[in-house]
Amino acid sequence: MQLNMILLGPPGAGKGTQASHLQRLWRIPHISTGAMLRTAVREGTPLGKQAEAIMASGGLLNDELITALVEERLRHDDAHAGFLLDGFPRTIAQAESLDRYMSGRALVIVELALSDENVVKRLASRMVCHNCGTNRQDEGVYPTCHDCGGPLVPREDDKEQVVRNRLEVYRTQTAPLIDYYQGRPTFCRVDGAQLFDNVREDMVRAVKKALTLCSD
Ligand code: AMP
């Protein structure tokens, strides 16, 4: 059964980490809008130049721009047999655009839930690889990336004031998506405060169950 999935949840809930696991398990691309934008900023592309200040403040890029970026990515061959979206949709308008794009094809929606208190704690120790942009928890003495060996640095938008703004943006713009999707049989919630392995097990179980309810 094809898995077309959205991973919802506040910043720092562990979406990226869990997505890497699910991507390997289902052999589908992990499409992270935040990672795409960070690459664009690093490479200094026109999109990156447009995104840089907005990302640094914790705000959101406009819906049309981000929706066009995601739809273009979903048209790539590797996304035809399924995909995992992380960081999109983030507003009701983006969710409506995605529904139009999917035109009736089933979506599995998983909310990775985490309290504000835990979000702040997690983000305080989060690092990002300066070379490849992968998110990591601070692992202490030799902070280098497991994938490419690059140096780990704190993420610009994980500074306390920006985190507060991102949480506010999440509350006002993204959390309403939970109501938007909640009535669908393929919506499920996983407790993101558990140990990593338990979150992973719950997540895989929830996705398998949701897939049995997908009709296509
Ligand atoms: P993330 O890595 O998902 O936390 O995203 C980092 C930043 O990229 C966000 O704080 C936004 O500024 C921007 N961004 C990522 N995804 C979206 C989206 N779907 N809509 C608007 N802005 C986004």
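The values are calculated or read from the model by the stated rules, or taken from the named source; none is laboratory data. Only a predicted model underlies this, so the values are computations on that prediction, with no experimental measurement involved. Reconstructed Cβ throughout: ideal geometry from the backbone, glycine too, with neighbour counts over all protein chains shown. To get the accessible areas, we keep the full protein, side chains included, count just its heavy atoms, and leave off ligands, DNA and RNA. Shrake-Rupley method; radii C 1.70, N 1.55, O 1.52, S 1.80 Å.
What the table shows:
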{"item": "Separation in nanometres of the label points that stand 7 Å from Cα toward Cβ, at Q2 and V153", "result": "4.0"}
{"item": "Sorted largest first, extent of the range 81-179 alpha carbons per principal axis (Å)", "result": "49, 33, 19"}
{"item": "Principal axis dimensions, the chain - Cα atoms, whole angstrom, descending", "result": "47, 39, 33"}
{"item": "Modelled label reach - T172, point 7 Å along Cα→Cβ, the range 45-87 residues with backbone N closer than 12 Å", "result": "59-60"}
{"item": "Between helix 15-26 and the chain: long-axis angle, C-alpha atoms, 0 to 90°, nearest 10", "result": "50"}
{"item": "For a label point 7 Å along the Cα-to-beta-carbon line of S115, residues of the range 172-214 with backbone N under 13 Å", "result": "192-194"}
{"item": "The range 57-216 - charge dipole about Cα centre, Lys and Arg +1 at Cβ, Asp and Glu -1, debye rounded to 20", "result": "240"}
{"item": "Heavy atoms of H21 accessible to a 1.4 Å probe, total area in Å² rounded to 10", "result": "30"}
{"item": "Cβ-Cβ FRET estimate between H21 and E96, R0 fixed at 35 Å, reported to 0.05", "result": "0.75"}
{"item": "The chain: calculated mean residue ellipticity at 222 nm from DSSP helix runs of at least 4, using -39500 (n - 2.57)", "result": "-14000 deg cm²/dmol"}
{"item": "Percent accessible area from carbon and sulfur atoms, the range 3-215, protein chains only, probe 1.4 Å", "result": "52"}
